[in-house]
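The values are calculated or read from the model by the stated rules, or taken from the named source; none is laboratory data. A quick note: this is a predicted structure, and the numbers were derived from the prediction, not measured. Cβ placement follows ideal geometry from the backbone for every residue including glycine, while neighbour counts extend to all protein chains displayed.
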Amino acid sequence: MGCGSCSGGSCTPQGCGSQGHCASGGCNRFNAYDWLSDLPAEAGTASGPEWVEVRFKANRKEFFVNASKTPLYPNEWVVVEAKTGYDMGQVSLKGELVRLQMRKRNALAEAQETRKIFRKANEAERERLHGLRTRELDVIMRARNVVEHMRLNMKVTDAEFQADASKVFLYYTAEQRIDFRELVRKLAETLHARVEMRQINPRQEAARLGGLGVCGRELCCSTWLTDFKPVSSNAARYQQLSINQAKLSGQCGRLKCCLNYELDSYMDALKDIPRGVRFLTTKSGTYDCIKTDIFKKTMWFQLRKGDAAGGDQIVLALSAAQVAELQEKSKAGIPIESLSGFSVTEEKSDLPAEPDYEVTQGGGLNRFDRSGKSSNRKKRKKPFNKGNKPAAAPGTQASAPNPS
């Protein structure tokens with residue numbers, strides 16, 4: 001689990017007591033290990049500028065130049081140059097690995113636009129940034145009230161103050177183009193700062209907010225996953241999963257990113273499975289394919305109910321090679337006598353059987369089940385009026401007794 005304040009960007013690892021320089025313990029979200037720290041730099045790069053990767057709120061990362069060659073350590077707070085004013089973040093990576101990251105993101109071509117690192121942040125600046133983070137929730141609520149009043153079809157999900165409090169970034173999601181100029185004007189008058197709107201997709205929204213998945217662990221998008229690749233419903237079909245939108249969707253409302261993790265293994269295993277085999281026709285009847293084990297390369301076929309003699313539906317297990325052979329015979333017009341000669345038995349495991357544990361202390365597991373016996377409680381009798389006469393129904397007038 002994270003430290004709980006990662007979205008605020010003010011978490012400090014609690015480990016060896018080096019004031020967060022060792023990146024051990026505490027919050028470990030999006031930590032990066034510099035595996036090139038002990039290797040010599042490439043020729044011609046030692047005299048070049050020193051690039052540093054700085055992490056901001058919600059693990060937003062940017063590249064900066066350490067022009068003054070100040071010795072920096074991981075998770076150390078630094079004051080950096082912004083487009084207007086200055087901002088403050090934590091050092092996440094430095095050295096040759098940053099150059100490789102920039103090459104991967106094609107950021108070296110924009111090296112002239114890369115901003116600089118001014119200095120290390122002091123305690124007063126860190127306290128001021130923490131105070132700005134506490135104000136961001138109020139900014140989100142004000143923005144949502146204005147959006148609701150203006151009836152805009154958008155959702156404000158997060159806010160982020162710049163360290164100098166001269167600008168506030170509002171992150172929102174929307175399904176269509178939104179004209180938020182009036183919204184920006186009203187918020188700028190209320191907050192006395194410049195407002196910049198940034199649209200994000202649902203996956204980025206889930207990454208910023210964080211949470212736990214159905215696996216019980218933190219969301220991949222908020223801990224280590226940075227590249228959001230498209231996920232198709234075919235990934236579930238290849239893995240023989242039921243197409244259930246509620247079970248296959250994550251907290252972002254889109255298909256889960258983990259559907260792509262094992263997809264390559266399934267695609268490699270599917271190369272040996274014959275395609276388009278839904279049934280096999282023989283002289284003794286038609287067998288329908290009811291199950292396929294991709295990794296064991298086994299397919300199960302069941303005799304149709306109409307062809308079963310005496311109502312006994314036979315289930316046979318065939319290997320993928322045998323099914324491919326039968327498929328070639330069927331395409332060539334060679335009749336198939338029966339599948340009994342091609343049946344195979346399932347492999348038996350050599351592992352010992354697990355013992356069948358029974359709960360003896362405090363009764364069995366069925367002690368919570370309701371018994372089928374009816375209760376012997378006596379039913380209460382309805383109250384009677386004087387003279388053993390039932391009470392009158394509501395809305396009716398009781399008749400007077402006969403004097404005779």
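Please indicate, with yes or no, whether at least one residue in region 244-256 is loosely packed, with under 13 Cβ neighbours inside 10 Å, in contact with a helix residue (DSSP H, G or I) (Cβ under 6 Å, 6 or more places away or on another chain) and not acidic (Asp, Glu). Yes: region 244-256 contains one or more residues that are loosely packed, with under 13 Cβ neighbours inside 10 Å, in contact with a helix residue (DSSP H, G or I) (Cβ under 6 Å, 6 or more places away or on another chain) and not acidic (Asp, Glu). Taken over region 181-206, residues that are under 19 Å from Asp138 (Cα atoms) and either of a type in the set (Val, Ile, Thr) or crowded, with 19+ Cβ neighbours inside 10 Å (or both) amount to 7. Return a yes/no flag: does region 111-119 have any residue that is surrounded by fewer than 16 Cβ atoms within 10 Å (Cβ to Cβ) and modelled with pLDDT of 85 or more. Yes, that holds for at least one residue. Among the residues making up region 250-262, a single one is touching a Ser or Thr at 6+ places or on another chain (Cβ under 8 Å) and not in a loop (DSSP other than H, G, I, E, B): Leu255. Restricting attention to region 231-249, the residues that are aromatic (Phe, Trp, Tyr) and touching a strand residue (DSSP E or B) at 6+ places or on another chain (Cβ under 7 Å) add up to 0. Does Ala82 meet the test of being among the hydrophobic types (A, V, I, L, M, F, W, C), in contact (Cβ under 8 Å) with a residue 40 or more places away in the chain and more than 24 Å from Trp224 (Cα to Cα)? The answer is yes for Ala82. Among the residues of region 240-249, the ones that are at pLDDT 90 or above and not in a helix (DSSP H, G or I) come to 1 in all.
The number of residues in region 179-216 being closer than 16 Å to Cys252 by Cβ and out of contact with any Gly (no Cβ under 9 Å at 6 or more places or on another chain) comes to 11.
Test Val146 against the stated conditions and say whether it is outside the structural domain of Thr84 (by TED's automatic domain parsing), assigned to a helix (DSSP H, G or I) and over 23 Å from Ala207 (Cβ atoms). Yes, satisfied. Within region 71-101, being of a type in the set (S, T, N, Q) and either modelled with pLDDT of 85 or more or farther than 16 Å from Thr114 by Cβ (or both) holds for Asn75, Thr84, Gln90, Ser92.
For region 271-303, residues that are surrounded by fewer than 16 Cβ atoms within 10 Å (Cβ to Cβ), hydrophobic (A, V, I, L, M, F, W, C) and under 32 Å from the mean Cα position of the chain (by Cα) total 2.
If you filter region 57-78 down to residues that are aliphatic (A, V, I, L, M) and not in a loop (DSSP other than H, G, I, E, B), you find that the one that is farthest from Arg99 (Cα to Cα) is Ala58. Looking only at residues in region 120-132 that are farther than 22 Å from Asn66 by Cβ and within 36 Å of the chain's Cα centre (by Cα), the one that is surrounded by the most Cβ atoms within 10 Å (Cβ to Cβ) is Leu132.
The rows are residues; the columns are (1) closer than 18 Å to Ala321 by Cα; (2) touching a strand residue (DSSP E or B) at 6+ places or on another chain (Cβ under 7 Å); (3) outside the structural domain of Gly216 (by TED's automatic domain parsing); (4) at pLDDT below 90.
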position: Gln251; (1), (2), (3), (4): no, no, no, yes
position: Cys257; (1), (2), (3), (4): no, no, no, no
position: Ile290; (1), (2), (3), (4): yes, yes, yes, yes
position: Thr298; (1), (2), (3), (4): yes, yes, yes, yes
position: Arg304; (1), (2), (3), (4): no, yes, yes, yes
position: Asp307; (1), (2), (3), (4): no, yes, yes, yes
position: Gly310; (1), (2), (3), (4): no, no, yes, yes
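Annotation note: of Arg203, Arg177, the sole residue that is without any contact (Cβ under 8 Å) to a residue 12 or more places away in the chain and either charged (D, E, K, R) or not in a helix (DSSP H, G or I) (or both) is Arg177. Applying a threshold of 8 Å to beta carbon distances and a minimum spacing of six or more residues, or different chains, the list of pairs starting in region 114-140 at a residue that is within 16 Å of Tyr86 (Cα to Cα) and ending at one that is part of a loop (DSSP other than H, G, I, E, B) and of a type in the set (Asp, Glu) reads Lys120/Glu76. Residues of region 212-220 include at least one that is surrounded by fewer than 16 Cβ atoms within 10 Å (Cβ to Cβ), hydrophobic (A, V, I, L, M, F, W, C) and outside any loop (DSSP other than H, G, I, E, B). Within region 44-56, the set of residues being at pLDDT below 85 and part of a strand (DSSP E or B) is empty.
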